């Protein structure tokens, strides 16, 4: 074995020993969730004898908080979004830099020159941690989006979809309304109804047409809301708590890694005896290993702050008025409240519609001319009530769907 090869082999052995020593130092953190051995593990390549650290997967870190269920970690992943593509690419760029060695070159006025390659071996663990954070940020964004969609659905979809059903029913009934208007004009011209009666009929028709126009405007929101619902994933609240807790744990691990260093450097150093003359100089290969640790990384104060930060980060999601999980919980409650209110209205409108239809049937069977205006008004009332009932039916169906969505999303 050549001197250079023997030097490299010894250097690798020293690096391995120093890295293990560094991990033993981190054993002081056993009472916290920040043990260095949870941060990275060591793998030996039997062919080359080299040792390299790799970050532990996010899923294998310390036990998650009780507020996070096991189903959250296994929940199906929503379609990959542009944001997730961004976080992955951004993390890939940073990880590529962290996994690369540093080329150093120096020259002094004393004639000493050197060139070397060096690396902090813990940068491998940092690179893996950066990529883990990207995945968590993706999950965090998807879960936040799902809860935001729940707020939108709870507040608007039942109204918009109900209006869409109403607008559709009235659009199909426009021919009947036009026929009522034509009959009213004919009866007025023939003297069978008075101008006041004709005006009353026209007023009823105008109200229904105005209601039709307003329903069409409200129904235009349906496409936007329906498009957003496709982004919703089950157990969004639990997935968000899981992501927030794991992000905080990742922050803590990264702080630990930043507080430690295992630097390895090897290169060539030349020493000229006299720069001003042509005197020969000497040169040699060199290797250097250094280990560093900031004592604050293992201080009790740091541990207390880390615990407080993790608990507060997850608790903030359910904070009254401002936390998105709290808001989605209130939205779920409002869905159920709206459903009960609409169920009551449904009974009242259905009863009124049945009465109006019975009245219209009786008027149609009468030959009395003085009842002609009353019959036309009843025709308009039946159409208007049927449109309202169609709106309530659609809203109730939507609220049932929203209630199931809320139970799934808020778990």
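For segment 182-213, a residue qualifies if it is within 18 Å of residue 387 (Cβ to Cβ) and either crowded, with 18+ Cβ neighbours inside 10 Å or in contact (Cβ under 8 Å) with a residue 40 or more places away in the chain (or both), and the qualifying residues are 201, 204, 205, 207, 208, 211, 212. Is it the case that residue 125 is surrounded by 13 or more Cβ atoms within 10 Å (Cβ to Cβ), in contact with a strand residue (DSSP E or B) (Cβ under 9 Å, 6 or more places away or on another chain), modelled with pLDDT of 75 or more and within 22 Å of residue 310 (Cβ to Cβ)? So residue 125 fits the description; yes. Examine segment 266-285 for a residue that is crowded, with 18+ Cβ neighbours inside 10 Å and either modelled with pLDDT of 95 or more or in contact with a helix residue (DSSP H, G or I) (Cβ under 7 Å, 6 or more places away or on another chain) (or both), and state whether such a residue exists. Within segment 266-285, one or more residues are crowded, with 18+ Cβ neighbours inside 10 Å and either modelled with pLDDT of 95 or more or in contact with a helix residue (DSSP H, G or I) (Cβ under 7 Å, 6 or more places away or on another chain) (or both).
This table checks each residue for (1) under 21 Å from residue 142 (Cα atoms); (2) free of Cβ contacts under 8 Å to residues at least 60 places away in the same chain; (3) outside any loop (DSSP other than H, G, I, E, B).
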position	(1), (2), (3)
304	no, yes, yes
307	no, no, yes
310	yes, no, yes
326	yes, yes, yes
335	no, no, yes
344	no, yes, yes
350	no, yes, yes
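For the residues 247, 257, the requirement of being at pLDDT 90 or above, under 27 Å from residue 327 (Cα atoms) and in a helix (DSSP H, G or I) singles out 247.
Taking the criterion of being assigned to a loop (DSSP other than H, G, I, E, B), touching a helix residue (DSSP H, G or I) at 6+ places or on another chain (Cβ under 8 Å) and in contact (Cβ under 8 Å) with a residue 60 or more places away in the chain, the residues of segment 92-137 that qualify are 121, 122. Just to be sure, is residue 411 surrounded by fewer than 17 Cβ atoms within 10 Å (Cβ to Cβ) and either modelled with pLDDT of 90 or more or out of contact with any strand residue (DSSP E or B) (no Cβ under 8 Å at 6 or more places or on another chain) (or both)? Against the criterion (surrounded by fewer than 17 Cβ atoms within 10 Å (Cβ to Cβ) and either modelled with pLDDT of 90 or more or out of contact with any strand residue (DSSP E or B) (no Cβ under 8 Å at 6 or more places or on another chain) (or both)), residue 411 qualifies.
The values are calculated or read from the model by the stated rules, or taken from the named source; none is laboratory data. Small disclaimer: the values here were computed from a predicted structure and weren't measured. Virtual Cβ from ideal backbone geometry, glycine too; neighbours counted across all protein chains shown.
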